[in-house]
Amino acid sequence: MEEKIISLDNLSFFVNDLIKDNHIVIGQDSKEINWKRITGAKDIVVNSKNIPSNISYKEFVFAKTEPIIYYKNKKDEFDIVEPALPRQKLVFLGAKPCDARSIEIMSKVFNWDYKDKFFNERAEGSIVIGVACNYQDKFCFCTSVGLSPVTEKGSDLFLVPLDEKNFALQIVTERGKEFIQPYQKYLSDGNQAKSKEILSKIKNPEKRFETSKVSEWLTNNFEHKIFDNVGDICVGCGQCAFACPVCHCFDIVDEECDYSSGRRMKNWDACQFGLFTLHGSGHNPRETQGKRYRQRIAHKFKYYQDKFDEVLCTGCGRCSRGCPVGIDIAEVVAEINSLA
Amino acid sequence: MSGSNIYKPEMMEITDIVQETSDTKTFRLKFKNESTAKSFSFKAGQFGEYGVFGEGESTFCIASSPTRSEYIECSFKQIGKVTTALTRLRVGDSVGFRGPYGNYFPVEEMKGKNVVFIAGGIGLAPVRCVIWNTLDLRNDFKDVTIIYGARSFNDLVYKRELKEWKERKDIKTVVTVDPGGEVPDWDGEIGFVPAIVEKVAPKAENTVAIVCGPPIMIKFTIPVLQKLGFAEENIITTLENRMKCGLGKCGRCNVGNVYVCKDGPVFTYAQMKELPQEY
């Protein structure tokens, strides 16, 4: 893999150039809560020691809420107007390895057979500039789902902090290579030995479970008290799904409608909500919180894997860090692992 | 890769409405756009998303046969927001439609075999689709038996067609109501569907059974069919779950790793048995 060096100053110039060249650069905010559109070099927060932001950046490719059609009623003849989707050149700057693969993972469900253009128009052509992660708390478990704090998987370009002022810039994909081409002037020749040494010193979170073992156990233990035990604690707020970089369930509802006009929206939804699967008849196939929690775990560690050959989890730990009642997904899955 | 908007409905016009029961209606719908009407095709068992602007969309099967391609029909019970809005519509009004979605009944493989249709309540809607498909190609199939039941006479849907099927000599039609659900001049059977199946079902040899209805009916009918010798592969049913997209994206209709909207709604009992009990 080709490797260059970019100084912090040059990173600022580079980002300024990107913005000038009509790229939409998305970076983590300084309060470590959210991701936002960067308007200038002053907004750049690329720090390998940062905690993963409270919320992932998935909303930039999978909007929290967005219109899928507008309608107008003209004397009982309906005109359907499609929302304009401007082609955006998105650049995600400073994605930790637990974020970098999120678009790739979600892309599978948005593209099997039917293709969701609302996702694709944003996701296709987006560039991920990842950064090695040197943060770790008890909720981190990327190594349990096939990632690591130092993996370049999912990134087109990957930053490794060399010292206070310099990053190594690894050119991971062909797309990344093409993308960086016009900005060569900000790069100087790298020394792979140094970045390798730095990466080797980063401590991995402890591996808590084997996904293959967990998946197999889930196949054979659809009915198990562990789900009800967690379900009894869960308040069904859906925070876990909204904070997750790869949860992708949504609702379709008509909003702001009256007789003459309105819009149909696609909104984030969560499998932990009681109404999520409620039938019109009153029957609910997942009528208890335990069954809904089982869905959450099984979707992530079995169904998505069966269907798309991906674990629907990046080990970022956001769901656990933000859980108002202290449910730790890694703890639950580690317990499953110990049962298997 | 991006292409068209998969959530955009096609506009259809209601050309006929039948009040099936006090709370159930059947709409006949035609595409407003002629080229859509020409290019549209579907197979028996597939479903669609039917929408009323300002209220939302609901999922129903296409209840008419693909052999009658100039229109589609859907039957629905007034139960929530969208179906209440649909109920208010009149002939000439517009309905949004997305589809056809999902898999379908193996009509081609059923050719040359006997077919027994078993339905309960509004579960006759998806079965009606494949019944007419079969009857419109009558010579391709051997013996055809229809067994239909509802809680009461008033809950029987497609009454006009039930009469037509009963009068036909080339099929056997048995209609039943639950005990207590009959009316004074009732000339059909009285009893629950599984019991009637046991009494009148054809022999299992070279026969396919299509079973749709409330879960409780399916639960008690399948053991009867098995007792009669039907193989699990020859018992075919449909699952339904709440859906929003119908396209395998929104994430709510799955039963285990199976999306009802894409891998279903049609399943053989052999396939259903493999699924976790979550439907």
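Just so you know, all these numbers are worked out from the coordinates, no wet-lab data involved. As the structure is a prediction and not an experimental result, all values here were calculated from the model. Glycine also receives a Cβ, built like all others from the backbone with ideal geometry; neighbour counts cover every protein chain displayed.
Of the trypsin sites (Lys or Arg not before Pro) found in the range A:198-276, the ones in coil according to DSSP and having at most 16 other Cβ atoms within 10 Å of their Cβ are A:Lys203, A:Lys207.
Based on a Kirkwood Rh over C-alpha pairs, give the Stokes-Einstein translational diffusion coefficient of the range A:72-202 at 37 °C and viscosity 0.692 mPa s in µm²/s.
191
Cross-linked pairs A:Lys89/B:Lys8; B:Lys30/B:Lys77; B:Lys113/B:Lys159; B:Lys38/B:Lys81; A:Lys36/A:Lys58; B:Lys227/B:Lys273: Cα-Cα separations exceed 22 Å for A:Lys89/B:Lys8; B:Lys113/B:Lys159; B:Lys38/B:Lys81.
Report, in cubic angstrom per residue, the convex hull volume of the C-alpha atoms of the range B:107-238.
96
Computed from the C-beta positions of B:Lys81 and B:Lys8 and an R0 of 22 Å, the FRET efficiency is 0.55 to the nearest 0.05.
Expressed as a fraction of 2.2 N^0.38 Å, the value expected for a compact globular protein of N residues, the C-alpha radius of gyration of chain A is 1.07. Looking at the protein assembly as shown, the DSSP beta bridges with both ends there are about 65 percent antiparallel.
Considering only the range A:87-227, what is the antiparallel percent among its DSSP beta bridges, to the nearest 5? Intermediate values should be presented prior to the final figure.
Details: 5 of 12 bridges.
The antiparallel proportion sits near 40 percent.
Within a 10 angstrom radius of each residue's Cβ in B:40-52, how many Cβ atoms of other chains show up on average? Whole number is fine.
Details: counts 0, 0, 0, 0, 0, 0, 0, 0, 0, 1, 0, 5, 2.
Other-chain Cβ atoms within 10 Å of each residue's Cβ, averaged: 1.
For chain B, the share of alpha carbon pairs falling in successive 5 Å distance bins from zero is 1, 6, 12, 17, 19, 17, 14, 9, 4, 1, 0, 0, 0 percent. Note on chain A: GNM, Cα springs under 10 Å; of A:Tyr71, A:Tyr57, A:Tyr304, the largest mean-square fluctuation is that of A:Tyr71.
With viscosity set to 1.002 mPa s and temperature to 20 °C, compute the Stokes-Einstein D of the range A:123-265, Rh being the Kirkwood radius across alpha carbon pairs; µm²/s, no decimals.
Values: Rh = 19.8 Å.
Value of D from the Cα-based Kirkwood radius: 108 µm²/s.
Remark: the range B:10-101 is approximated by an ellipsoid whose semi-axes, taken from the C-alpha gyration tensor as √(5λ), come to 20, 14, 12 Å, largest first.
Over the residues of the range A:201-261, compute the C-alpha Rg and express it relative to 2.2 N^0.38 Å.
Values: Rg = 19.3 Å, N = 61, 2.2 N^0.38 = 10.5 Å.
Normalised Rg, Cα atoms only: 1.84.
For the range B:10-101, the relative contact order comes to 38 percent (Cα pairs under 8 Å, sequence separation of at least 6). For chain B, DSSP calls about 60 percent of its internal beta bridges antiparallel.
Average the reciprocal distances over every distinct pair of alpha-carbons in the protein assembly as shown, invert the result, and give the Kirkwood radius in Å.
Working: mean 1/r = 0.0371 Å⁻¹.
About 26.9 Å, per the Kirkwood formula over Cα pairs.
Charged side chains reduced to their Cβ positions (Lys and Arg at +1, Asp and Glu at -1) give the range B:169-275 a dipole of some 580 debye around its Cα centre. The equivalent ellipsoid of the range A:211-339 has semi-axes of 29, 16, 15 Å, largest first, where each one is the square root of 5 times an eigenvalue of the Cα gyration tensor. Summary value for the range A:2-201: 26 percent relative contact order, contacts being C-alpha pairs under 8 angstrom separated by 6+ residues.
One Cα centroid belongs to the range B:98-159, the other to the range A:8-38; the line between them spans 60 Å.
Inter-part distance, the range A:80-100 to the range A:287-333, computed on C-alpha centroids, equals 25 Å.
The mean number of Cβ atoms from other chains found within 10 Å of a Cβ in peptide B:5-18 is 3, as a whole number. Cβ screening of chain B for cysteine pairs under 4.7 Å finds these without a partner: B:Cys61, B:Cys74, B:Cys129, B:Cys212, B:Cys253, B:Cys261.
Under a 5 Å amide H cut-off, with hydrogens placed 1.01 Å from N, A:Met265 pairs with A:Ile68, A:Val253, A:Asp254, A:Glu255 among residues at least 5 apart or on other chains.
Over the range A:83-138, Cα pairs under 8 Å with separation of 6+ residues give a relative contact order of 57 percent. Each residue, A:Lys108 and B:Glu108, gets one label point 7 Å from its Cα in the Cβ direction; the gap between the two is 3.0 nm.
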